[in-house]
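A short write-up of the structure that comes next.
We did not get these values from a lab; they are worked out from the coordinates using the rules stated. Remember, predicted model here, so these are calculated numbers, not experimental data. Cβ sites come from the backbone with ideal geometry, for glycine too, and all protein chains shown count toward neighbours.
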Amino acid sequence: MTDRPRPFARVLIANRGEIAVRIIRACRELGMASVAVYSDADAAASHVRLADEAVRIGPPAPTESYLRIDRIVEAALETGAEAIHPGYGFLAERAAFAKACEDAGIVFVGPSSSSIEALGDKLAARRTAAEVGVPSVPGTLEPVPVDRPDAVEKIVERAAEIGFPVMVKAAAGGGGRGMRRVDRPEDLPAALAAGSAEAAAAFGDGSVYIERVIQPARHIEVQLLGDASGTVVALGERDCSIQRRHQKLVEEAPAPGLSTDQRHRLHELAIRVAAAAGLRNAATCEFLFDGRREFYFLEVNTRLQVEHGVTELVSGLDIVHEQFWLAAGEPLSQRALAAAERAATPTSHAIEARIAAEDPARAFAPTPGRISRWVMPAGPGIRVDTGIEAGDRVPPEYDNLIAKLMVHAADRPAAIDRLRRSLDETEIGGIQTTVPFHRFVADDAAFGAGDLSTDFVGDRWDGQAHQARAVRVGLLAAALDHFSGDAERDGPVSPGAGPARGPGGEGRDGHDGRDRPLADRPASWRVAALAAGRDRWPR
Amino acid sequence: MAQVIPSGRGLRVRPGRRSQVAGVDPIVAAPPDPPGSIDDPVRGPSGSGLLVDGTLEDVRLERRGPDRAQLRWAEDPGPAARVVFIGGPVLGPDGVTRQEVLVDGWRVEVELEDERRAALRERARRAAEAVGHGGPTEVRSVFPGRVVSVAVATGDPVVAGQPLLVIEAMKMQNELRSPREGRVAQVEVGPGTKVDVGDLLLAIE
């Protein structure tokens, strides 16, 4: 193993959670030592447990830990890491971080700082797309001066020209942060301020711009890989239309309903933008699709995407492995080129459900807390990427994605069946998660028909109604459980509270619940009486 | 077949605070009376039928190991509801037993309490409410996070739906709006305040 070629000897992973775990796994597979970094909130987190080395970089607040470029570069130098993989989020699309790595002589696993600048800044990317004739969503090409009250009138005027409703977006954005939909001119100044503040907190850059809302629309993106020679290939597209707060909840590959011609055209548009910006390594080109024929360029994410796994399942390519080889200066591999050849004619289907710590009955409000039960599905065609174990705490400081459940099957209907089956096996206790929403999606007729839109959640999901049914079942189950006086489970109401009983009523012998005072446990006496008189029960 | 619940033998079963949702009211549950009103020759009377608010529901809890079960209605041929009991029921110092149940991915908090005791408590609560009639509406945080900004001050008139403050949680800025029309009676937090679930933020009177 020591003699086989590997991209690097030692890699630092500048991230946390499931993506840090996923990258550490790739490091181990490629024979590279891994270095984790962590904040005080993550001292016992899975990425720290799995890595070969771990370096503390600061307190829980992201601005004092995972966003500290100086600390992370220092940790890499101290541990002798030759490369840094940024994952997604945090510093992944910050040109300053890539530059700091380049200056320190450390390989940044991603595009060059200049390419990140050209593409990661969404405004610059819109200008690049315009230069190579790729149509974008109509909107501004320069940042909005949010800090100048005197400019407010002009901004509202410009937005009216673009046409309400408009979307306020963070130039440095990703994952929906800093994004706001604005329907009325009078709401625009407040939305710009809030979006800018959110963007500044999340990315350290509060620049925002305005874009027209395309509705109805599907969100379709293309996975790209590029090498140092300037070759860029597309590995396939993903449909990520099902979103809440402009953050994706369900993704699939390939995008259902596209013809081979449409697929070819979409991949070609994506390659054109990326090649113009001198893309190297992995990136994703995002488009809005009006459902008929037009693809509108949205932005390029110059990093590994959360949902890269569905493309891996369909293409058979390990994108993180490829990232490391490309970062080490290798040309695009034969594997990658072959996968690109097949990209327009996919022969299987994959779906990802993003399981997040959110309450789908309360507008997907965050639900950080301790996870008391954690059972993930398994079996054919299932992949789960997570950094969670039972007993772990989901900290309030970070992203609320806790697991990515991916299913892979021969075609889309089979993948949906597999999704439904795997969600049945999923058990998460202690915090509310988005699992009920995913169960709904797997059962939904419109989803099954490939009738996708970014309005899916707002149009079709009634979380409270679904919750009400479950609560009703929960009340009956808890009551029946109480009356059946169960000693099989741990932690009964009080010691010796009732007879043990299993399915079919076995295991009742030797119970001691018979002589409990009535007042202690209402009606449990009745159950004891039932147990005693079972054989004499009248038909 | 309807039965009158014998006084004091029932349990008040209600959703816990986080599981309260429109359309689900607390129930009074009791075993069938006489015992075994619904007889299952295979499974015996255990878990067969439940008196819900005095009406017999032919519903059965089938155990699947120590913490899993399936809830099945006799008249419903469809698949049973799968439930997972998360931890055991916990009897609190307030006399209320709490149980977390997982149903279709929903985390359901259930509170069980002696029916008579629940009735006493309710009466006491109503009396307290009558005393404080027309009192202020408390706005409490529904998730842990940090207050970013407060848009109102004590004494400000507000209308229902008016933005009150912004709380940041998990990097998202969440705007809290006024639940009713009135006047701000007190403001308990300011920019930077860390808040937990249930913390008092401000009150509207």
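Couple of notes before you dig in:
- Normalising the average separation of contacting C-alpha pairs (under 8 angstrom, six or more residues apart) by the number of residues puts the relative contact order of chain A at 12 percent.
- Cα point-scatterer Debye curve for region A:383-450, base-10 log of I(q)/I(0) at q = 0.24 Å⁻¹: -1.13
- Most positive-pole-ward Cα, A:260, A:288, A:338, against dipole of region A:229-343 from beta carbon charges: A:288
- Prolate/oblate/rounded call for region B:95-205, Cα gyration tensor, a/c under 1.5 rounded: oblate
- Amide proton proximity set for residue A:364, modelled H, under 5 Å, gap of 5+: A:359
- At R0 = 41 Å, FRET efficiency that the Cβ-Cβ distance of residue A:328 and residue A:215 yields, to 0.05: 0.40
- Approximating the spin labels as points 7 Å out from Cα along Cα→Cβ, the residue B:205-to-residue A:265 distance works out to 6.6 nm.
- Amide proton proximity set for residue A:83, modelled H, under 5 Å, gap of 5+: A:10, A:12, A:107
- Computed E for residue B:180/residue A:49 - FRET, C-beta separation, R0 60 angstrom, nearest 0.05: 0.80
- A dipole drawn for the protein assembly as shown from +1 and -1 charges on Cβ atoms has a positive end, and of B:56, A:87, A:129 the residue lying farthest that way is B:56.
- Expressed as a fraction of 2.2 N^0.38 Å, the value expected for a compact globular protein of N residues, the C-alpha radius of gyration of region A:172-282 is 1.26.
- Using θ = phi - 60° and Karplus 6.51 cos²θ - 1.76 cosθ + 1.60, couplings along region A:124-134 (whole Hz; Gly, Pro as x): 5, 5, 4, 5, 4, 4, 4, 5, 9, x, 9
- Karplus-based coupling profile of region A:100-107, in residue order and whole Hz: 4, 5, 4, 5, 8, x, 10, 6, with θ = phi - 60° in 6.51 cos²θ - 1.76 cosθ + 1.60 and x standing for Gly or Pro.
- A full extension of the chain between residue A:372 and residue A:70 corresponds to an added length of 105.1 nm, given 0.36 nm per residue minus the alpha carbon distance.
- Within region A:202-243: Cβ-based charge dipole about Cα centre, in debye rounded to nearest 20 (Lys, Arg +1; Asp, Glu -1): 160 debye
- Charge dipole (debye, nearest 20) of region A:75-208; +1 at Cβ of Lys and Arg, -1 at Cβ of Asp and Glu: 320 debye
- What the phi angles of region A:362-369 give under the Karplus curve with 6.51, -1.76 and 1.60, with θ = phi - 60°, is a coupling list of 10, 6, 6, 5, x, 10, x, x Hz, glycine and proline written as x.
- A Cβ-based charge dipole, computed about the Cα centre of region A:168-214 with Lys and Arg at +1 and Asp and Glu at -1, lands at about 120 debye.
- Using the average count of surrounding beta-carbon atoms within 10 Å as a protection proxy, the listed peptides A:310-323, A:414-427 rank, highest first, as A:310-323, A:414-427.
- Helix axis angle, A:260-276 relative to chain A longest principal axis, alpha carbon, degrees: 60 degrees
- Evaluated at q = 0.11 Å⁻¹: base-10 log I(q)/I(0), Debye formula over Cα of chain A: -0.98
- Charge dipole of chain A about the Cα centre (unit charges at C-beta), most positive-ward option of A:356, A:190, A:271: A:356
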